[in-house]
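What follows draws every value from the coordinates through simple rules; no lab data is involved. Quick caveat, the model's predicted, so the values are computed rather than measured. Virtual Cβ from ideal backbone geometry, glycine too; neighbours counted across all protein chains shown.
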Amino acid sequence: MALRVYNTLTREMEEFVPLHGKKVNMYVCGPTVYDHCHLGHARSYISFDIIRRYLSYRGYDVHYISNITDVDDKIINRAKETGEDPFDLSARFTCSFIEDMASLMVKKPDVQPTVTGHITEIVDAIKLLMLREFAYPTPEGNVYYDLTRSKEKIGILSHQTEEGLMEGSGARIDVEKDKKYPLDFVLWKSSAKGEPGWDSPWGRGRPGWHIECSAMSMKYGSQQLDIHGGGADLIFPHHEAEIHQSEGCTGKHPFSKYWLHNGFLTIDKEKMSKSLGNFFTIKQVLEEFPPEVIRFFILNTHYRNTIDFSKMHLEEAGRAYERIANTIINVRYAIENATEGDNDSGLPNEISEARDQFTISMDEDFNTREALANLFIFSRKVNAIISGSSPDRPALEAVLGFFSEIDEVLGVFGKDISGVTEGTSGELSDKDIDTMIQQREEARGAKDWKRSDAIRDELKEKGVIIEDGKEGLRWRRV
RNA sequence: GCCGAGGUGACAGAGUGGCCAAUGUGACCGCCUGCAGAGCGGUUUUCCGGGAGUUCGAAUCUUCCCCUCGGCACCA
């Protein structure tokens, strides 16, 4: 079976074949750090995190590059509003972003370049474009990309015609009067006094938004990428501009073989926006929901579809998540009571089938929803086998191993698999809990249900769940 | 105006020609349990926006219509 991906460039499902054997150069547009990241960012970066992890799982050698835009008009404008130094502001939100990604268990990119760290590369890229006559400077100190030099590529990714773009942009076209052609976009923008800027052959200025991604992806991803990803809102103009620039610099086509775009996240069916007041930062949501649940919620919809966020949907995702988490916990407890015997109860076959199903689902353009559906089926079978027969330890450990294996991709069940609970948050020590459990057992022995239940309630209040099972009592912190 | 995505049970959401449609949540019933939890089994489930067509066969292909959402130079 081959991995197939949906390529925005061709609008088709295509078999995934990297340019160079098993090596995959993958670039995903990172955030502009002018504020705390919101759920839409979470959606995007979790989606590409899964894609990256799955490619690794499939044996590809993935080189994952994701930038941070730390100089930009929005940052400058925000800094003007708050009176903060723009560099301080972007540094602050860069930290915030990195923190958020860590919270959401998004693996760190192999390279995470910043714009301010790559001004030289950016200036060099612009110089090269000038040399090849793909760019022109203006007396105002700006440099524009000359779209008339690569007109055939207009609309290559957004699948729009030049006329369509011209009409659509309407009144906004004439904003910059020094452009030669309305669709030309800025590569270098002159900086006013007091604004961040760097010296260049065209005067003091800063990079335009698009050129950074070309310069950095060329530096770290060789001249051609296998996968370029980002939110669907970046298709035009950002990603199209990258194609013009990068191919202008290298003369190589395609700049990226596959273009992958994630769908939007809406809030109560409306697009998230500050004016509507339905804007959630990752930090806000993390206050109410654990990161596992947020990830699970995002995995519950195919990455290209619109996903609707609401508390109700997240709570639902939380309950669904617990189903599989409980299976893992069940397996762990079963292992404690298992024998070394020779009764595998058919588990190895179930694991093998579940692994096949997982791969089949994920191979189809990273269909995480279907992968989870198959995991639910597997979970139910495992639960039934555990309560029905008594599988031996090796078989149970293989189940746990399988969960661990696919969690390399999904990244949601780590805590459940390891069984490591954060005891620090609880007010009770293990010893306290043991004492209380013993007291409850005594009460139960005397059939003093009132007292037994009171102790259970007290423990629950203090964050400890106890459950009576066939093989005795078990407890865990929440 | 141009471009795109989509309409599947109460809700969420897979499936893109052939087992009268996966899976989860909710609700209800049963088993288990002192009770609860977890789990298992079942019901809700004659769910594919509407019409026409192609086909032995359509949620899936063609065509027309209705509706929703998004992009179009700030955007994940």
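Dividing the Cα radius of gyration by the Kirkwood radius, what Rg/Rh value follows for segment A:423-477?
Working: Rg = 10.8 Å, Rh = 11.3 Å.
Here the Rg-to-Rh quotient is 0.96.
How large is the dipole of segment A:265-354 about the Cα centre if only Lys and Arg carry +1 and Asp and Glu carry -1, each at its Cβ, rounded to the nearest 20 debye? Walk me through the intermediate numbers first.
Details: 10 positive and 15 negative charges, 157 e Å.
Here segment A:265-354 has a charge dipole of around 760 debye.
If I model segment A:59-141 as equal point scatterers sitting on the Cα atoms and use the Debye formula, what is log10 I(q)/I(0) at q = 0.23, 0.25 Å⁻¹?
Normalising to I(0) and taking log10 leaves -1.12, -1.17.
Restricting things to alpha carbons, tell me how big segment A:207-265 is in terms of Rg and Dmax, in Å.
10.9, 36
As a quick test, which of the pairs A:Lys381/A:Lys431; A:Lys431/A:Lys460; A:Lys22/A:Lys283; A:Lys108/A:Lys257; A:Lys108/A:Lys252 have an alpha carbon distance above 26 angstrom in this structure?
Numbers: A:Lys381/A:Lys431 35 Å; A:Lys431/A:Lys460 16 Å; A:Lys22/A:Lys283 37 Å; A:Lys108/A:Lys257 23 Å; A:Lys108/A:Lys252 29 Å.
Violating the 26 Å limit, Cα to Cα: A:Lys381/A:Lys431; A:Lys22/A:Lys283; A:Lys108/A:Lys252.
Relative to the compact globular guide of 2.2 N^0.38 Å, what is the alpha carbon radius of gyration of segment A:286-418, as a ratio? Provide the component values of the computation, followed by the final result.
On the way: Rg = 15.3 Å, N = 133, 2.2 N^0.38 = 14.1 Å.
Relative to the rule-of-thumb radius for its length, segment A:286-418 sits at 1.09.
Arrange the following residues from fewest to most other Cβ atoms within 10 Å of their Cβ: A:His239, A:His228, A:His159, A:His302. It would help to have the intermediate numbers written out before the result.
Details: A:His239 26, A:His228 30, A:His159 13, A:His302 18.
Placing the least packed residue first, the sequence is A:His159, A:His302, A:His239, A:His228.
Given just the C-alpha atoms of segment A:87-203, how large is their convex hull per residue in cubic angstrom? Each step should come with its number before you reach the end.
Details: hull volume 20.3 nm³, N = 117.
Roughly 174 Å³ of hull volume per residue.
Let me know the shape class of segment A:4-262, please: from the alpha-carbon gyration tensor, a ≥ b ≥ c as square roots of the eigenvalues, rounded when a/c is under 1.5, otherwise prolate if a/b is greater than b/c, or oblate. Before the final figure, lay out each step's value.
On the way: a/c = 1.66, a/b = 1.17, b/c = 1.42.
Oblate.
Restricting to bridges with both residues inside segment A:1-87, how much of the DSSP beta-bridge set is antiparallel, in percent to the nearest 5?
Working: 5 of 12 bridges.
Antiparallel bridges make up about 40 percent of those DSSP assigns within segment A:1-87.
Take the alpha carbon atoms of segment A:345-478, find their radius of gyration, then divide it by 2.2 N^0.38 Å using N residues; give the quotient. Intermediate values should be presented prior to the final figure.
Working: Rg = 18.8 Å, N = 134, 2.2 N^0.38 = 14.1 Å.
Rounded to two decimals, the normalised Rg is 1.33.
So if I restrict to the alpha-carbon atoms in chain A, what is the Rg, and what is Dmax, the biggest pairwise distance, in Å?
Just the Cα atoms of chain A yield Rg and Dmax of 26.9, 93 Å.
Using only helices, what value at 222 nm comes out for chain A when you add -39,500 (n - 2.57) per DSSP H run of length 4 or more and divide by the total residues, to the nearest 500 deg cm²/dmol? Can you show the working numbers first?
Values: 16 runs with 222 residues, N = 478.
Result for chain A, helices only: -15000 deg cm²/dmol.
Trypsin sites (Lys or Arg not before Pro), restricted to segment A:254-310: which are DSSP loop and have at most 14 other Cβ atoms within 10 Å? If you can, show how the numbers build up before the last one.
Numbers: sites: A:Lys257, A:Lys269, A:Lys271, A:Lys274, A:Lys283, A:Arg295, A:Arg304; in loops: A:Lys269, A:Lys274, A:Arg304.
In loop regions of segment A:254-310 (DSSP not H, G, I, E or B), the sparsely surrounded trypsin sites (Lys or Arg not before Pro) are A:Lys269, A:Lys274.
For segment A:85-162 and segment A:344-401, what is the separation of their Cα centres, given in Å?
44 Å
Nearest 5 percent is fine: what portion of the DSSP beta bridges confined to segment A:4-262 is antiparallel?
Numbers: 14 of 32 bridges.
If we restrict to bridges inside segment A:4-262, about 45 percent are antiparallel.
Looking at segment A:103-147, which GluC sites (Glu not before Pro) are in a loop (DSSP not H, G, I, E or B) and have at most 14 other Cβ atoms within 10 Å? Don't skip to the answer; put the middle values down first.
Values: sites: A:Glu121, A:Glu133, A:Glu140; in loops: A:Glu133, A:Glu140.
Taking segment A:103-147 and a limit of 14 other Cβ atoms within 10 Å, the loop GluC sites (Glu not before Pro) found are A:Glu133, A:Glu140.
Could you tell me what % of all Cα pairs in segment A:1-97 have separations over 15 Å?
Values: 3213 of 4656 pairs.
For segment A:1-97, the share of Cα pairs beyond 15 Å comes to 69 percent.
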